[in-house]
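The values are calculated or read from the model by the stated rules, or taken from the named source; none is laboratory data. Bear in mind the structure is a predicted one, so any value in this text is a computation, not a measurement. Note that each Cβ is placed from the backbone with ideal geometry, even for glycine, and that neighbours are counted across all protein chains shown. Each accessible area value is taken on the protein alone, full model and side chains, heavy atoms only, with ligands, DNA and RNA left out. Shrake-Rupley method; radii C 1.70, N 1.55, O 1.52, S 1.80 Å.
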Amino acid sequence: MTQRLVFLVPGFFGFTSIGAVNYFEDVQQALARALRRRDIAARIVICTTQPTASIPRRADALRRQVIASGGLKAQELHFIGHSTGGLDVRMLLTPGVKIAAGGTEERIAALTRTAISVNTPHHGTPLANHFVTIQGQTLLLVISALATSGQGRRAIVAAAKAIAMVARLDDCLGRNEGPLDRLAAGVLRRIRFDRRDPVWRYLGEIERDQGAVLQLTPEGIELFDAAVTDRAGIDYGCVVSGVPKPREKFRIKEFMDPEYLAMRSLFRLLHALTAKPHPRYPYPKPARQTQRLLDRGLGFKATPGISDGIVPTLSQLHGRVLHVVRADHLDVVGHYTLAGGSSGNWLPSGAGFTREAFDATWDAVAAAIARK
């Protein structure tokens, strides 16, 4: 019997892996190393999820995976949810929750020792409001059409081959590996027209259920918080991050890298959308000690306009603050430029996140799991 199981739960638009691209890039290995240093034996399970489904449906998918992984026979369970995954965990563990018949929620909760959220929108994110606008809904409809029609799949396959060729040209010009290279090597050069390809299955999941879009708005999450409560006996903790406001000017050398310019411009747009708190649904004001912890960890003052580019920093607070780090939303799950060049930086936020910061983040998570 496995004594200890640790579940890694992906967030909104999350997946386990598509091609060679993993959602939790090197997290499993870093966390396992940190646990071994503390003489903690654990089996780490990377969960699958429904990318944009409603939180109750995602929580039910998590429940089923706990059972399938032998969780009901373990001595103790630990959950780590990134982004929306942290909300899935909170719902699953809520006292009296009825996600499915049979009462397995109570049995899972009775075995759970820690519930850790990483970059989770506990008080919503303004970015979700964009997806309920006409433009946001149109984007999701386009994704749906591409996933479900033969013409759409042909268009994506053709575009994938073109982008992969650009990535090869980029390499010939001697530019450093970036997210385009990572995408080309991991997904685009492997994509097939066959509807069984993992890319189409992933897009199809988005097409079938987009229930979480409304639930992640500040208005929607207020209802979630009114219904979902913490369970006594479980240690709730959070990993919090944020980045400085993007600078307004590009450096001359950056103009020589179109890929960087495009991704940096995208990040600036996301950051701008996230930096506008809802006037009638403000984030809770941190206690003085928490505010000092946030400011020290980030290296600048944490205000309602500060975020990781996706989730406001103050919205990430829930339970004990385990770790505060200057990082963007994807840095903490390993999608930054590693020293070996094995992973592209999907959100070039300028946070300066390093391998050392990555290891320190997951060491703090391991410390919480090892806490008696």
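How far, in nm, would the chain grow between residue 356 and residue 272 when pulled straight, counting 0.36 nm per residue and subtracting the alpha carbon separation? Mind dumping the intermediate values first?
Values: separation 84, 0.36 × 84 = 30.24 nm, distance 2.83 nm.
Stretched out fully, the residue 356 to residue 272 stretch lengthens by 27.4 nm.
Here residue 98 and residue 247 are evaluated by their C-beta separation; at R0 = 41 Å the FRET efficiency comes out at 0.25. Each peptide in 71-80, 322-331 receives the mean, over its residues, of other Cβ atoms within 10 Å, and ordering these scores from highest gives 322-331, 71-80.
Provide the gained length on full extension for the span residue 54 to residue 219, in nm with one decimal, where the gain is 0.36 nm per separating residue minus the Cα-Cα distance. Walk me through the numbers on the way to the answer.
Details: separation 165, 0.36 × 165 = 59.40 nm, distance 1.50 nm.
Gain on extension, residue 54 to residue 219, equals 57.9 nm.
In this structure residue 355 has an accessible area near 70 Å², from a 1.4 Å probe over the protein heavy atoms.
At the residue level, residue 63 shows approximately 30 square angstrom of accessible surface with a 1.4 angstrom probe and all protein chains present.
Subtract the Cα-Cα distance of residue 73 and residue 281 from 0.36 nm times their separation in residues, and report this length gain in nm to one decimal. Computed gain between residue 73 and residue 281 is 70.7 nm.
What is the Å³ per residue value for the convex hull set by the Cα atoms of the stretch 9-120?
Hull volume over Cα atoms, normalised by residue count, gives 103 Å³.
Each residue was assigned an accessible area with a 1.4 Å probe, and for residue 234 the value is about 20 Å². Label separation (residue 226 vs residue 292): 3.6 nm, computed from points 7 Å beyond Cα along the C-beta direction.
Peptide packing: for 84-90, 55-61, the average count of neighbouring Cβ atoms within 10 Å per residue gives the ranking 84-90, 55-61, highest mean first.
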